[in-house]
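Reading through the structure tokens given below for one structure.
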Amino acid sequence: MTSASNALGGVFQLTADRQVGRVGFGAMQLAGPGVLGPPADRDQAVRVLRRAVELGIDHIDTSDFYGPWVVNELIAEALRPYRDDLVLATKIGAYRDHEGAWLPLNHPDALRAQVHDNLRRLHLEALDLVYLRHTVDRGIPLADQLGALTELREQGLVRAIGLSNVSAEQYQEAQRHAEIAAVQNLYNVVNRTSADLLAKTAAAGAAFVPFFPLGSGFADSRAREDDVLRGIAERHGATQAQVSLAWLLRRSDNILLIPGTSSVAHLEENTAAVGIELSDADIDALSGLVAEGETLEEAH
Ligand SMILES: NC(=O)c1ccc[n+]([C@@H]2O[C@H](COP(=O)([O-])OP(=O)(O)OC[C@H]3O[C@@H](n4cnc5c(N)ncnc54)[C@H](OP(=O)(O)O)[C@@H]3O)[C@@H](O)[C@H]2O)c1
């Protein structure tokens, strides 16, 4: 169990008997280009995973979608036997076709099969946290999808249920059918479109786990040219990535970070974001970049 003294960025109570540090690791970038196939450098991917645990990370976000299967296999290879305090969170509700497209696979039987596949590939007897990647376009009621997950939870194969890529309305509906421990949606300093979900999860005591916490590196984003972000980073002797993560940690106590990287140097840099103490003026300036509910693109 993570103790308050060594948790990265503080502790969050994920479930009644499970705590995690607020800085975790998103493993998606460990697959090959386009999240397809094996990484160019398998040894480096294994090093990233082992370094993450060494740095105190106790929450790794993964899925059979990544590769597909490659990332779960890498995790098992790199980290078994798993530390008792390591939370592996996975996602179900989709598959990749031969061209890499992400397609829905939400029938309750398919969801059950995906849980068993994740268990087998990760060599686990129970999955700590399983996100349902919800899609509405196939007419399968959310209640039925959550029903399958609830059964698996009662069988002891799933410890906690999460939702991914949902609207605030879908989250509220889901809460009527199951206990939702976490929601994973896009949110970062320049994209606040899931602000309402952040507020609703905070009110419910559930985790909010932003994907693309770095806006996927801000590689193509206007944020890289943003004077506010750059200026604050320079003043703190930090990188823009670190400032963006530090802002998320201050934004709401229920935010858990899962920045993704395939590099040990970036992993170390991202983890060190816990040491950046943004002033209230920094927070105000960063928060003011984009209105909650909007993205930077909409704001310009
Ligand atoms: N639920 C969903 O639908 C969903 C969707 C997408 C992602 N996810 C999850 O969210 C996690 C995070 O998302 P993500 O990895 O796509 O995006 P991200 O964390 O926003 O950014 C990752 C990108 O930023 C780069 N990067 C990382 N650290 C950096 C640093 N310190 N300086 C400069 N560049 C840096 C990485 O490149 P390098 O490899 O070169 O460091 C990579 O290209 C994923 O790993 C996955 O687990 C979930």
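The values are calculated or read from the model by the stated rules, or taken from the named source; none is laboratory data. Being a predicted model, the structure only gives us computed values, none of them experimental. Note: ideal-geometry Cβ built from the backbone for every residue, glycine included; neighbour counts use all protein chains shown. The area values use the complete protein model at the heavy-atom level, side chains included, leaving out ligands, DNA and RNA. Shrake-Rupley method; radii C 1.70, N 1.55, O 1.52, S 1.80 Å.
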Scope segment 96-121; condition open to solvent by 10 Å² or more (accessible area, probe 1.4 Å) and part of a helix (DSSP H, G or I); matching residues = Pro108, Asp109, Ala110, Arg112, Ala113, Gln114, His116, Asp117, Leu119, Arg120, Arg121
The strands (runs of 3 or more DSSP E) lying entirely within segment 1-95 that contain at least 2 residues which are of a type outside the set (Asp, Glu), out of contact with any helix residue (DSSP H, G or I) (no Cβ under 8 Å at 6 or more places or on another chain) and in contact (Cβ under 8 Å) with a residue 12 or more places away in the chain are 11-15, 18-21, 87-92
Sort out which residues of segment 250-296 are open to solvent by 50 Å² or more (accessible area, probe 1.4 Å), within 16 Å of the ligand (Cβ to nearest atom) and either more than 23 Å from Val23 (Cβ to Cβ) or assigned to a loop (DSSP other than H, G, I, E, B) (or both), and write them in order of number.
-> Ser262
Name the pairs whose Cβ atoms lie under 6 Å apart, with the first residue in segment 260-272 and over 12 Å from Leu245 (Cα atoms), the second within 6 Å of the ligand (Cβ to nearest atom) and assigned to a helix (DSSP H, G or I), and 6 or more positions between them or separate chains?
-> Thr261/Gln29; Ser262/Gln29
Per-region count, segment 232-249, residues away from the ligand (no atom under 11 Å from the Cβ) and either open to solvent by 10 Å² or more (accessible area, probe 1.4 Å) or touching a Phe, Trp or Tyr at 6+ places or on another chain (Cβ under 7 Å) (or both) = 5
Which one of the conditions (1) more than 11 Å from the ligand (Cβ to nearest atom); (2) touching a Gly at 6+ places or on another chain (Cβ under 6 Å) does Met28 fail to meet, given that it meets all the rest?
-> (1)
Segment 178-193 - residue that is open to solvent by 20 Å² or more (accessible area, probe 1.4 Å) and under 27 Å from Val228 (Cβ atoms) and, of those, nearest to the ligand (Cβ to nearest atom) = Leu186
Filter result for Leu229 (within 13 Å of the ligand (Cβ to nearest atom), assigned to a loop (DSSP other than H, G, I, E, B) and modelled with pLDDT of 90 or more) = no
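A quick yes/no check of all residues on (1) within 23 Å of Ile60 (Cα to Cα); (2) modelled with pLDDT of 95 or more; (3) within 16 Å of the ligand (Cβ to nearest atom); (4) of a type in the set (A, V, I, L, M, F, W, C):
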site	(1), (2), (3), (4)
Gln145	no, yes, yes, no
Ala148	no, yes, no, yes
Glu151	no, yes, no, no
Ala174	no, yes, yes, yes
Asp196	no, yes, no, no
Ala203	no, yes, no, yes
Phe211	yes, yes, yes, yes
Arg224	no, no, yes, no
